[in-house]
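So the structure is just underneath, and the comments pick up after that.
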Amino acid sequence: MRPSLLIAAILATALASHVRAASPQDYAWQWPVQTEGDGAAHVLELDAEVLQHVTRGDLRDLAAFNASGDPVPFAPWPAEAREDEEHDPLPWLRVPLPEPGQPDSLALRLERDADGNLLGLELRTAEGVPPPDAGHDLLVDRGHNPPAVSVLHVELAESAALPVNLRVRISASDDLVEWQRIGSGQPLLALDDNGLRIERLQLEFPATQARYLRLAIEGDGNWPALAALKGERRVDAGDGREWKRLELEGVSVGEEPGVYDYSSPGPIAVEQVDLTLADANSVAAAQVGARNPGEDWWRPVANFTVFRLGSGQDEVRHIPPRIDPRRDREWRLTTQPALKKPPKLLLAYRPERFVLLAQGPAPYTLAAGSVRAEREDYPVKAAIEASGKPPSPATLGMKMQAGGEQALMPKRGEDWQRWLLWAVLGAGAALVLAVSLRVLRHPKSA
């Protein structure tokens, strides 16, 4: 045999001995997959109960196997798109409050076509526009066939006098005659506490497509000067996953006052952070950072003012911020002024979706948690799109131990295959060098 062919044969033998298909025993835990029907593909939703056993941030130590213990195609099934929000400016006018016992003083001019369809509507107040400091409601006209809205964002004018501490009632109508109350007691808050701005300037209510909204102050007080009103419109991404939340307890960081650390149970894609203060009538500026184990620095995640004001049904809380999805395992909260008790950290996420192809005999098994094996890349999404049939839903049974702790421990002395591979590669390199030297010493005559 020629030396080059001998070298290739040795290397091929070594590589073949080193490569071994993974099995469920290479993973710490396993779950039976309960499928519906005999479809070719099945989709699973995996929440924190499963992800807490995953060791890798890229989720590559999740795999699926058939009844023979062979791996089957298994890959993430991404959402079509991320849900988004759009804020649409809304026109409004001030409506004077009637005298006690008197009806509203509104004048309407309607324009209809020959079939009776409404073409236009002009609203005027019989007494003219009230001065800003007089008692009045706000009337919002959202136009013809408006989209559903469930949140109004209030922007204060620079001239608005602080503090603002109001409760708002919201009513909806399509004809300015029949009104339906859709919200009451909604807090509208803007305070300045020793340089710390406390704000809650959004009104929330059940989604409505009504053209007109009327905003009224409950109790004493009047509207501050406003710069804008905006309706929040959700752009549906077709993502039907249910939001889930993790509640984490914090621990103090050394001697640093107001600094607390939290640990996430797994590489969960968090999309919102929130804090629950331990004591009522508390307020602080909160800075949230995150990192993964072994990293030296904290990446900034969110800066916001966290507060609990009032008590019982009258309690007012901050609005939690949305963040870009991240899978960090360690979280740090820094508060100023320093909070004496650690708040609870709330992480909102949506379950991961994975899809497996029904390859080989059922039943199938999901396995998770390994430092020895990782899932191959499978073009599952392209295959399903080519078939034209969406995957059918599947669920998980009870968790069972597979390889246990051994799957979470790196192989040491007994990994003879790896050492054999290196030995064969070294021998092959030495053989190549010897052949090269022989050729150089004894070149063939021309």
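The values are calculated or read from the model by the stated rules, or taken from the named source; none is laboratory data. These figures come from a predicted structure and were not determined experimentally. Neighbour counts run over all protein chains shown; Cβ positions are idealised from the backbone, glycine included.
Residues in segment 322-333 that are in a loop (DSSP other than H, G, I, E, B) and more than 11 Å from the chain's Cα centre (by Cα): Asp328, Arg329.
Checked against the criteria, Ser370 does not count as over 25 Å from Pro321 (Cβ atoms), among the small types (Gly, Ala, Ser) and surrounded by fewer than 20 Cβ atoms within 10 Å (Cβ to Cβ).
Kindly establish whether Leu346 is more than 28 Å from Trp243 (Cα to Cα) and out of contact with any helix residue (DSSP H, G or I) (no Cβ under 6 Å at 6 or more places or on another chain). No: the conditions fail for Leu346.
Rundown of residues vs (1) within 21 Å of Ala302 (Cβ to Cβ); (2) exposed (fewer than 14 other Cβ atoms within 10 Å of the Cβ); (3) acidic (Asp, Glu), yes/no style:
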{"site": "Ser159", "(1), (2), (3)": "no, yes, no"}
{"site": "Val177", "(1), (2), (3)": "no, yes, no"}
{"site": "Gly183", "(1), (2), (3)": "no, no, no"}
{"site": "Ile198", "(1), (2), (3)": "yes, no, no"}
{"site": "Ala210", "(1), (2), (3)": "no, no, no"}
{"site": "Leu215", "(1), (2), (3)": "no, no, no"}
{"site": "Leu226", "(1), (2), (3)": "no, no, no"}
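Find the residue count for segment 139-155, including only residues that are part of a strand (DSSP E or B) and buried (at least 19 other Cβ atoms within 10 Å of the Cβ). Summing the residues that are part of a strand (DSSP E or B) and buried (at least 19 other Cβ atoms within 10 Å of the Cβ) in segment 139-155 gives 5. All of Pro342, Pro363, Pro325, Pro267 fail the test of being in contact (Cβ under 8 Å) with a residue 40 or more places away in the chain, crowded, with 16+ Cβ neighbours inside 10 Å and within 30 Å of Leu396 (Cα to Cα), apart from Pro267.
When the residues of segment 242-264 are filtered to those that are in a strand (DSSP E or B) and of a type in the set (Asp, Glu), which remaining residue is surrounded by the most Cβ atoms within 10 Å (Cβ to Cβ)? In this case the residue turns out to be Asp261. Any residue at all in segment 67-80 that is surrounded by fewer than 17 Cβ atoms within 10 Å (Cβ to Cβ), within 30 Å of Asn145 (Cβ to Cβ) and modelled with pLDDT under 95? Within segment 67-80, one or more residues are surrounded by fewer than 17 Cβ atoms within 10 Å (Cβ to Cβ), within 30 Å of Asn145 (Cβ to Cβ) and modelled with pLDDT under 95.
Quick one: would you say Gly231 is surrounded by 19 or more Cβ atoms within 10 Å (Cβ to Cβ), in contact (Cβ under 8 Å) with a residue 60 or more places away in the chain and of a type in the set (Gly, Ala, Ser)? Criteria met by Gly231. Residues of segment 211-257 that are in contact with a Pro (Cβ under 8 Å, 6 or more places away or on another chain) and acidic (Asp, Glu): Glu242, Glu249. Restricting segment 374-407 to residues that are of a type in the set (Gly, Ala, Ser) and surrounded by 21 or more Cβ atoms within 10 Å (Cβ to Cβ), the residue that is nearest to the chain's Cα centre (by Cα) is Ala394.
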